[in-house]
1. Quick one: angle between helix 168-179 and the longest Cα principal axis of the chain, in degrees between 0 and 90, rounded to 10, please.
2. Need one number: convex hull volume per residue for the range 41-87, Cα atoms only, in Å³.
3. Taking amide H positions as placed 1.01 Å from N in the peptide plane, with prolines and chain starts having none, which residues 5 or more places from PHE164, or on another chain, fall under 5 Å of its amide H?
4. Taking the Cα atoms only, what angle lies between the long axis of helix 81-97 and the longest principal axis of the chain, rounded to 10 degrees?
5. Starting from the amide H of ALA329, placed 1.01 Å from N in the peptide plane, find each other amide H under 5 Å away whose residue is 5 or more places distant or on another chain.
6. Using 0.36 nm per residue, how much length does the chain from SER309 to ASP24 gain when fully extended, once their Cα-Cα distance is taken away?
7. Say we join alpha carbon atoms closer than 10 Å with springs in a Gaussian network model of the chain; which of LEU171, LEU149, LEU393 then has the biggest fluctuation?
8. How large, in percent, is the carbon and sulfur part of the accessible surface of the chain at a probe radius of 1.4 Å?
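The values are calculated or read from the model by the stated rules, or taken from the named source; none is laboratory data. These numbers were taken from a predicted model, which means no experiment stands behind them. Please note that ligands, DNA and RNA were not included when accessible areas were found on the heavy atoms of the full protein model with its side chains. Shrake-Rupley method; radii C 1.70, N 1.55, O 1.52, S 1.80 Å.
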Amino acid sequence: MAETTALPFAGALKASRRPCRTRDLRVCVIGGGGTGAALAYDLSLRGFSVTLLERGELTSGTTGRHHGQLHCGARYSLADREIARECMEESLVLRSIAGDAIEYNGGLFVELDGEDSGLEAEFVDACRAAGIPALPISAREALAMERALSPRILGAVAVPDGSFDAFRLPLSFFAAARALGARIRAWNEVVALETSGRRVTAALVVDRSSDPKREYRVEADYFVGACGAWAGGLGALAGLDVPITSAPGTMVAVRARLCDRVVSHLHRAGDGDIVVPQRGLSIIGSTQSLAASPEALLPPSGDIPYLISLASRMIPSFAEAPVHAAWCAARPLAGRPPRLGAADGGRSISRDFAALDHAERDGLAGFCTVIGGKATVLRAMAQKAADLVCRSLGVEAACASADYALPSWREYYG
Ligand SMILES: Cc1cc2nc3c(=O)[nH]c(=O)nc-3n(C[C@H](O)[C@H](O)[C@H](O)COP(=O)(O)OP(=O)(O)OC[C@H]3O[C@@H](n4cnc5c(N)ncnc54)[C@H](O)[C@@H]3O)c2cc1C
């Protein structure tokens, strides 16, 4: 467990009210997914005056459609030790500040017959090198823990993965940000960015929550784009070319809780290798392809039987459970593939995140973009972006978002 002061949220409220130089500085966060939520909270805690604009309902982008795995980092340990280490650290932080949204149930990586034999030792070493406790167990022990597993598995490795609710986690951050004074505006789309002397000075917004819809301007000292796979569209409003790749993936949920832990295929990487239990459902994911746009994605029909067949190699009864839903979401990968339609579906692009300082990159001040990463590291993404805001505005205000337990997600709509 991460060390925290375990103060109730009132502690955060008190801390944010200390007199500080950020008080009169206005920051506009564009995008109301998990990253924008954590950023609105972090900036409010540092004392900024924050407005968050989301064009649809909160979490209506990729955040509201992901798999819900709280990654301990084991999945990334063979490919990128630093991403794995960060997932481990952030999963512990989230566990301590947002327990309400998390089912900290553990995970098993299972070895399927014949395939990838010999990978277990390398995997366990890679996990441990990243600070992830990984315990090899026999097939018998694994089957005693998860009775629906295939009796053909050769062995397993137990790791501290978990599940979390894709909506509730960000809602806790939104509730916290709002309690600290942030203005959270859903159904408010940024349709233009105004500049003056190579600085972004205002956003033109269409408010679709009012009837008739109205247009207004938001002036701010700094703007942060947290638009995930839509980051390219926002950047284009300021004439910028933001390096983002939209990499859709399909997931299929069946109406049965077939396992209590997250069950993953122990191999290097590939499709349909993770089953996440979410309340009464089991969800298999995912595939990965490339799309020119993250808009209006639907699962290709072939993905559904394909994913079910992959899930049933780990959990045979997956194939018999009634299908509850199938859907698609776009990963916001920070970078570009060698070419659209590349055979690896963009898997060569790092899963790391970046805060792009447009003053430094493009000579346009007052604006940065935070992209990439994954929902598990939303708080760390927000911290990096908020540090950049502070540097850009010439103020010092330390990050405190790991220090206080967040209010319940229920408080957002309550
Ligand atoms: C198939 C799949 C499975 C995944 N599974 C997991 C998992 O199990 N665990 C995990 O940790 N991560 C997972 N991820 C990754 C995770 O979902 C994303 O990294 C994360 O949700 C991105 O959040 P975000 O806030 O950066 O982007 P989004 O959630 O996409 O938020 C961006 C928001 O910006 C808004 N926006 C865009 N343009 C404008 C505008 N002009 N004005 C106002 N608002 C605008 C959009 O409407 C959107 O709501 C998965 C991703 C995929 C695709």
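1. Approximately 20 degrees, to the nearest 10.
2. 121 Å³
3. Here GLN69, LEU70, GLU103 satisfy the definition.
4. That works out to roughly 70 degrees.
5. Here GLY249 satisfy the definition.
6. Residue separation times 0.36 nm, minus the Cα-Cα distance, leaves 97.0 nm.
7. Taking springs between Cα atoms under 10 Å, the residue moving most is LEU393.
8. Heavy-atom surface of the chain belonging to carbon and sulfur, 1.4 Å probe: 51 percent.
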